[in-house]
1. Restricting the stretch 19-41 to residues that are surrounded by 10 or more Cβ atoms within 10 Å (Cβ to Cβ) and among the polar types (S, T, N, Q), which is farthest from residue 319 (Cα to Cα)?
2. Conditions: (1) in a loop (DSSP other than H, G, I, E, B); (2) more than 15 Å from the chain's Cα centre (by Cα); (3) within 26 Å of residue 291 (Cβ to Cβ). Residue 98 meets all but one. Number of the miss?
3. Hey, among the residues in the stretch 265-291 that are in contact (Cβ under 8 Å) with a residue 60 or more places away in the chain and in contact with a helix residue (DSSP H, G or I) (Cβ under 9 Å, 6 or more places away or on another chain), which one's nearest to residue 44 (Cα to Cα)?
4. For the stretch 197-217, how many residues are loosely packed, with under 14 Cβ neighbours inside 10 Å and either part of a strand (DSSP E or B) or out of contact with any helix residue (DSSP H, G or I) (no Cβ under 9 Å at 6 or more places or on another chain) (or both)?
5. Looking at 41, 21, can you tell me which residue is without any contact (Cβ under 8 Å) to a residue 12 or more places away in the chain and not in a helix (DSSP H, G or I)?
6. Do any residues in the stretch 292-317 that are closer than 19 Å to residue 210 by Cβ have Cβ atoms under 6 Å from those of residues that are buried (at least 24 other Cβ atoms within 10 Å of the Cβ) and charged (D, E, K, R), where the two are at least six apart or on different chains, and which pairs are they?
7. Output the residue which, of all residues in the stretch 81-95 that are in contact (Cβ under 8 Å) with a residue 60 or more places away in the chain, assigned to a loop (DSSP other than H, G, I, E, B) and basic (Lys, Arg), is surrounded by the fewest Cβ atoms within 10 Å (Cβ to Cβ).
Amino acid sequence: MSLYGLARPFLFSLDPETAHRVTLRLAGLLPYSPVKSCPVRVMGLDFPNPVGLAAGLDKNAEHVDALARLGFGFIEVGTVTPRPQPGNPRPRLFRLREKQALINRLGFNNSGVDALLQNLGRTRWPGILGINIGKNADTPVERAADDYALCLEKVYARASYVTINVSSPNTRNLRDLQAERNLDQLLGRLAALRENLAGRHGRRVPLVLKVAPDLQEEEVRAIADAVRRHGIDGVIATNTSISRAGVEGVHHAEEAGGLSGAPICAQATGILKAFASRLPGVAMIGTGGILSAGDAQAKFAAGASLVQLYTGLVYRGPELVAECVP
């Protein structure tokens, strides 16, 4: 049995948020996990393998060096907001063990963009780093672009790519930014700022949009049109779901928040495939419900060039990383 397999009963005896913190502290004690080389070039970046860590596990970029030892081809930190915020009241993270799922309503709890950059200043890992940006909870939707622009400007020099998160269900009205007019304005402003920053820094950092799994066909069409119109380099499909399909009647299924893990795998893969068919040439990053090599392969078959893990790590442990490398 793996070290994580031995530790998991203890971790699962703790409340999920405490277990999350303990796991991150223990990550640096794990041995380096060699992963076979499987280089891919995506968005002009050279990835040693296509399996990455999704945003949310290391919100403040405090554990990048430790997590890099698990063999990830890239790591995404955040979501980060301009100002520190505590997120939603606890409890706000729940295990649905029999379904290999989580529900979270964390609410972009983070220490703010300046603290994240300070933490990254102490990081030695030289790999591909995504930084996921969002808005503060008390920033009105009509001023949300100010928050995203501030974060983009601050993280630009440090990021390999920047993810625009408009799809978390846990910040009030955030998903309104996926609506056609709001998204067009937001992406237009960030794309223009990116061109200015590229000239200033001599480097064009890819922009990636993270979308929800709970989209209708017409919403996919409108979002894909905006991605194409503003030259966004990639789409992460998907964030957590507000659906409870497949977990009805399970303990904690009634909790508010976003559902992740095995129950949303097919739904997230379907959204990924829909975006891939509409956006040839745009990088697709598949996430949502990957708990096996087969799940990862389904994402690649649906059009993903890269995949990301989070909830699967909770249930399967670090060996899932190597297993998912094709």
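Readers should treat all values here as calculations from the given coordinates under stated rules, not as data from a laboratory. None of these values were measured; they are calculated from a predicted model. Every residue, glycine among them, receives a Cβ derived from its backbone with ideal geometry; neighbour counts consider all protein chains shown.
1. Let us first name the residues in the stretch 19-41 that are surrounded by 10 or more Cβ atoms within 10 Å (Cβ to Cβ), namely 19-28, 30, 33, 35-36, 38-40.
Keeping just the survivors that are among the polar types (S, T, N, Q) gives 23, 33.
Working: 23: 15, 33: 8 Å.
Among them, the one singled out is 23.
2. That leaves (1) as the condition not met.
3. From the stretch 265-291, those in contact (Cβ under 8 Å) with a residue 60 or more places away in the chain are 271, 275, 283, 285, 287-288, 291; that's our starting set.
Now drop any that are not in contact with a helix residue (DSSP H, G or I) (Cβ under 9 Å, 6 or more places away or on another chain), which leaves 271, 275, 285, 287-288, 291.
Numbers: 271: 24, 275: 20, 285: 14, 287: 20, 288: 24, 291: 28 Å.
Going through the qualifying residues, I end up with 285.
4. Residues that pass the stated criteria total 6.
5. Numbers: 21 fails: not in a helix (DSSP H, G or I).
Result of the check over 41, 21: 41.
6. What qualifies is 307/299.
7. Among them, the one singled out is 90.
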